[in-house]
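Report on one structure; see the data block that follows.
The values are calculated or read from the model by the stated rules, or taken from the named source; none is laboratory data. Note that the structure is predicted; figures quoted are calculated from it, not measured. As a convention, Cβ positions derive from the backbone with ideal geometry for all residues, glycine included, and neighbour counts pool all protein chains shown.
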Amino acid sequence: MQNNIGQPKICIACGTQYPSKVVPEYCTICKEDRQYIPPEEGQKWATHNQLLKAHSNRILKVKDRIYELKMVPSFAIG
Ligand SMILES: [Zn+2]
């Protein structure tokens, strides 16, 4: 198991990453009036290593020189 102490934290709701030394109690983006902190779960954080365990990136060629990059399964705002 990897140690997640000192790693940047990523807001589960919006995907914003904060350096480990300045992680606020609540995500600055989600706390803003136009966004929201998930009412049932509250503020949740993940690390890059935690996301790697459950997610991967999919690259799909849409047409010549145009590609779609997507995290699977979907994460945060999507
Ligand atoms: Zn957020």
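Numerical summary
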read-out	value
Of all residues making up the range 30-50, the number that are surrounded by fewer than 12 Cβ atoms within 10 Å (Cβ to Cβ) and touching a helix residue (DSSP H, G or I) at 6+ places or on another chain (Cβ under 7 Å)	1
Number of the exception - residue 9 against (1) at pLDDT 95 or above; (2) out of contact with any strand residue (DSSP E or B) (no Cβ under 6 Å at 6 or more places or on another chain); (3) not β-branched (Val, Ile, Thr)	(2)
Every pair of residues 6+ apart whose Cβ atoms lie under 9 Å, when the first sits in the range 52-78 and is surrounded by 10 or more Cβ atoms within 10 Å (Cβ to Cβ) while the second is in a helix (DSSP H, G or I) and of a type in the set (A, V, I, L, M)	71/51; 75/51; 75/54
Every residue from the range 1-55 that is under 26 Å from residue 72 (Cβ atoms) and of a type in the set (Lys, Arg)	9, 44, 53
